[in-house]
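In what follows, a structure is listed as structure tokens, so that the remarks can point back to it.
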There are 2 protein chains.
Amino acid sequence: MSNLTLEDIARRVGVSRSTVSRVVNNHPNISEDVRTRVLAAIDETGYQPNAAARSLASQRSQTLGLALPQTVSSFFTDPYFPHLLKGISEACNQHDYALTFFLITCKDDEKKIFPKISNKSFLDGVLVQSGHHGDQQIIGHLVDANKPLVVLGRPFRVDNVSFVNVDNVKGAYTAVSHLIRLGRRRISTITGPLASTVGLDRKEGFLMALGERGFRKNDKLIVEGDFTEQGGYYSMQTLLRENPDAVFVASDVMAIGAIRAIQESGRRVPEDVAIVGFDDIPLSTITDLELTTIRQPVIETGVRAVEVLIDLIENGTDFPQHIILDTKLVVRSSCGSKS
Amino acid sequence: MSNLTLEDIARRVGVSRSTVSRVVNNHPNISEDVRTRVLAAIDETGYQPNAAARSLASQRSQTLGLALPQTVSSFFTDPYFPHLLKGISEACNQHDYALTFFLITCKDDEKKIFPKISNKSFLDGVLVQSGHHGDQQIIGHLVDANKPLVVLGRPFRVDNVSFVNVDNVKGAYTAVSHLIRLGRRRISTITGPLASTVGLDRKEGFLMALGERGFRKNDKLIVEGDFTEQGGYYSMQTLLRENPDAVFVASDVMAIGAIRAIQESGRRVPEDVAIVGFDDIPLSTITDLELTTIRQPVIETGVRAVEVLIDLIENGTDFPQHIILDTKLVVRSSCGSKS
DNA sequence: CTGAAAGCGCTTACAG
DNA sequence: CTGAAAGCGCTTACAG
């Protein structure tokens, strides 16, 4: 079906190819009569414009790239990614762009993917999930290629790059302030990977909240995690040696592991150890405990990133846009208070 | 960078456009001398072929589509999907195809996506994750459009459609046989969604193993799950009223929930209730319990699907190929025996 | 082994 | 509001 061309439709309706093209592309200034007849012919025949011809003539591919440098194992276990993908995919669909997906696993992948991704005619713009040092290369590459680009997350180097991020510092700050307000005094944290900006930013918020309230910094109450449940479990075991009365865990998935470690050690949540997570992604309820957490708008992050990117493409906005989305404290039972 | 055309390279080297094209496309019968000089020029200039022009002339887009009808909430919580995506993405990269991603969330999406997906010039072929009744429509659509198609999973109607699937019946059969061999007598199951072929097939394997050993079918020992941890938890609570001494859970994620329910009820795994899962995807270890499970080759499923699809596209193999991958019983501690 | 030329199916000034 | 025509940048028989 549909080896039809514009020409075929034109002949059928008795107008020129140009006119059919204008109808297809919703140009103004077409007589109602002609428009109707062309549309009818398209409908009857099932005509579909040839995408390649269109791109070639218009110099637009109407497709966006998404590059996921798979620097992290949490890609397979954290619901963050599917949610992000959903937001991106929906927004693309909404705006009539297609989405081309690149999972960058190894150096070999890069060699094949880099040229594709920066190819002028192939993608109108690209989204890069980032926040690791290792990702700087691909970002640099794209910037050099002068390709419209929006980073998901905060890149290490921010100059000249647009990004959409969540306010991680403030989110963590809010979480820890909540614990302080509830009277906790030995507040610990399981961070994200400290090679990533997410990890660093949430740690910074943690330190900021404590510092402001005159807590002395205690490195033994800070353990680096990796955004996996296992990681949360082991990190918590380490922390428990220091007898914390609270823990801010930089992701809900890790919080599940942390809770397991706490309970196995014979301590109770929240009585002995209060816990706040980060994400608020639908998770298993652990026993009858519900997790207090920082909600971040993951789907919206994806949607906004697509919108910014399309704006860059279509309106040529050339100064970098930095969008920081807000988070929200969601109080449940894992801190022992509903206030 | 790279608004260069073939013509530019040709002029630079002093050959014709055709010759440069042949070098770029690795055609045989090019003198070594010319090839070297052309390659050098390409290297120096950073020339990249225009993808749209290429597609238009060759009638090939070198891109595959992946459609995920998101009929299931498990998309967000089951590591199955990221693994599948990884396999697909790697294979595409390997074979120099790009991958375009479609998440079909609602009817509205379909209206926009269907035409794109069947557009002759846009995708050379498409992969559809399937197994739900609801997916028949998109498959039918693609078959009508005569588009090279490979289904991931077993579609409800198999005629004329190629697919790559895992031997779910046999996998489940093996799991349950293992439980029988260990002397369990009240063997229950939490199935997958019974609107899906995965769910149905694994249930069939369960029934087959029991039937063969002369067990009477007991509907109370069969509860439908939904592939989520929560679902596993609640389904198990229902099953526990029947006092099973074993349970075959149709996914590892649900098994986590089931174990939680069992332990909360004061029973022990494996002493009181033995449990076998399905997937063998890296999961949190639950306490010090390790899950006996059926390993299925998820990444390989993705890889094979891509390979079959590319074969359909490039070699025009037109009889449907049905590939069934084998599973493997992985014995750990959740059944109480290492034998 | 190489080149000239037609053709892929659109878009888009330009002219009217 | 509509059409004729140039042009987007490749591939690929065809001829030599």
Being of a type in the set (Lys, Arg) and more than 32 Å from the chain's Cα centre (by Cα) is the filter; apply it to region B:10-66 and report the residue that is farthest from DNA strand C (Cβ to nearest atom).
B:ARG12
Flag for A:ALA10 being within 11 Å of another protein chain (Cβ to nearest Cβ) and either in contact with a Lys or Arg (Cβ under 6 Å, 6 or more places away or on another chain) or modelled with pLDDT of 90 or more (or both):
no
Verdict on B:ARG267 being surrounded by fewer than 24 Cβ atoms within 10 Å (Cβ to Cβ) and touching a residue at least 40 places away in the same chain (Cβ under 8 Å):
no
Can you name the strands (runs of 3 or more DSSP E) wholly within region A:91-210 that have at least 2 residues being closer than 28 Å to B:PHE101 by Cα?
A:98-104, A:125-129, A:149-152, A:162-166
Checking B:GLY153 against (1) within 7 Å of chain A (Cβ to nearest Cβ); (2) away from DNA strand C (no atom under 16 Å from the Cβ), only one condition comes out false. Which one?
(1)
Can you run down the residue pairs with Cβ atoms below 6 Å, 6 or more apart or on separate chains, where the first is in region A:235-262 and closer than 13 Å to A:ILE275 by Cα and touching a residue at least 60 places away in the same chain (Cβ under 8 Å) and the partner is acidic (Asp, Glu) and not in a strand (DSSP E or B)?
A:VAL253/A:ASP78; A:VAL253/A:GLU229
What are the residues in region B:222-268 that are aliphatic (A, V, I, L, M) and over 18 Å from B:ASP78 (Cβ atoms), if any?
B:ILE222, B:VAL223, B:LEU239, B:LEU240, B:ALA246, B:VAL247, B:ALA261, B:ILE262
Would you check which residues across region A:64-93 are more than 7 Å from chain B (Cβ to nearest Cβ) and among the hydroxyl-bearing types (Ser, Thr, Tyr) and list them?
A:THR71, A:SER73, A:SER74, A:TYR80
State whether one or more residues within region A:75-83 are away from DNA strand D (no atom under 16 Å from the Cβ), of a type in the set (Asp, Glu) and out of contact with any Cys (no Cβ under 9 Å at 6 or more places or on another chain).
yes
If the requirement is being surrounded by fewer than 18 Cβ atoms within 10 Å (Cβ to Cβ), touching a residue at least 40 places away in the same chain (Cβ under 8 Å) and not small (Gly, Ala, Ser), which of these qualifies: A:HIS95, A:HIS178, A:HIS132?
A:HIS95
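Residue by residue, here is whether (1) in a helix (DSSP H, G or I); (2) more than 8 Å from DNA strand D (Cβ to nearest atom); (3) farther than 30 Å from B:LYS120 by Cα holds:
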position	(1), (2), (3)
B:LEU4	no, no, no
B:ARG22	yes, no, no
B:PRO28	no, yes, no
B:VAL34	yes, yes, yes
B:ARG37	yes, yes, yes
Among the residues of region A:211-234, is any crowded, with 24+ Cβ neighbours inside 10 Å and polar (S, T, N, Q)?
no
Please verify whether B:ALA57 is assigned to a helix (DSSP H, G or I), over 15 Å from A:LEU123 (Cβ atoms), within 16 Å of DNA strand D (Cβ to nearest atom) and modelled with pLDDT of 90 or more, treating the condition exactly as stated.
yes
Counting only residues that are without any contact (Cβ under 8 Å) to a residue 24 or more places away in the chain, in contact with a helix residue (DSSP H, G or I) (Cβ under 6 Å, 6 or more places away or on another chain) and within 14 Å of another protein chain (Cβ to nearest Cβ), how many does region B:13-52 have?
1
Give the residue that is farthest from B:GLN59 (Cα to Cα), with candidates limited to residues of region B:107-123 that are without any contact (Cβ under 8 Å) to a residue 12 or more places away in the chain and more than 9 Å from chain A (Cβ to nearest Cβ).
B:LYS107
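The values are calculated or read from the model by the stated rules, or taken from the named source; none is laboratory data. Please read these numbers as outputs of a predicted model, since none were measured by experiment. Backbone-built Cβ (ideal geometry, glycine too); neighbour counts: all protein chains shown.
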